[in-house]
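K.L.:
Below you'll find the structure I mean.
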Amino acid sequence: MTQVSLKIKKGDQVVVLTGKDKGAKGEVLKVLSEKSKVLVAGINTVTKHEKPTQTSPGGKQKKELPIHISNVAIADPKTGEASRVGYKTLKDGKKVRVARKSGETIG
C-alpha cells in the first residue's frame, strides 16, 4: 500500500462527522497513516477486559480505538465547527494550513 498524505496532524482539534460519537470534539493523539486512521482523545471508547499482570491489576479498562480519517474533520479555530483544510503560502515563503470556512491558520 502506498502512503497517502494526510491533512490532519497530531495535536489538531477535530470534530467527529459520523458514527456513535457524531458531533463530539477531541484532540488527535496519534495518526496511523498506513491505515488512514486517527486516535482521538475521548472518542470511540470501548471497555476491554484485561488479564492482571505484574504492572497492571487487570479488570475492565476504558480504551480509545482508532477512527477512520474520513469520519473526522478539522475544527475551525474561530468557530469550532467542522471545516476542510487548505494550504496558503505566506510572504516569507512558509506554507501553512488554513481552515477553509474562516481562513484562519491551523496550528
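The values are calculated or read from the model by the stated rules, or taken from the named source; none is laboratory data. If you're wondering where the values come from, they're calculated on a predicted model, not measured in any experiment. So basically every Cβ, Gly included, is an ideal-geometry build from the backbone, and we count neighbours across all protein chains shown.
K.L.:
In the range 64-92, how many are touching a Lys or Arg at 6+ places or on another chain (Cβ under 9 Å), assigned to a strand (DSSP E or B), surrounded by fewer than 18 Cβ atoms within 10 Å (Cβ to Cβ) and not basic (K, R)?
P.N.:
Total meeting the criteria: 5.
K.L.:
Looking at the range 46-62, which of its residues are surrounded by 10 or more Cβ atoms within 10 Å (Cβ to Cβ), at pLDDT 90 or above and in a loop (DSSP other than H, G, I, E, B)?
P.N.:
G58
K.L.:
Name the one entry in A82, A73 that is free of Cβ contacts under 8 Å to residues at least 60 places away in the same chain and under 23 Å from R100 (Cα atoms).
P.N.:
Every option except A73 fails the conditions.
K.L.:
If you don't mind, another one. Can you tell me how many residues within the range 95-107 are part of a loop (DSSP other than H, G, I, E, B) and either touching a Leu at 6+ places or on another chain (Cβ under 9 Å) or at pLDDT 95 or above (or both)? Write out each step before concluding.
P.N.:
First pass over the range 95-107, keeping only residues part of a loop (DSSP other than H, G, I, E, B): 100-104, 106-107.
Filter once more, keeping what is either touching a Leu at 6+ places or on another chain (Cβ under 9 Å) or at pLDDT 95 or above (or both): none.
Going through the range 95-107 one residue at a time, the tally reaches 0.
K.L.:
Quick check, is L29 within 12 Å of the chain's Cα centre (by Cα) and not small (G, A, S)? It would help to see each step written out before you state the result.
P.N.:
Working: within 12 Å of the chain's Cα centre (by Cα): yes; not small (G, A, S): yes.
Yes; evaluated as a whole, the condition is true for this residue.
K.L.:
May I ask you to say which residue of L6, L32, L17 is touching a Pro at 6+ places or on another chain (Cβ under 7 Å), of a type in the set (A, V, I, L, M), surrounded by 12 or more Cβ atoms within 10 Å (Cβ to Cβ) and over 13 Å from I106 (Cα atoms)?
P.N.:
None of the other options fit; the residue is L32.
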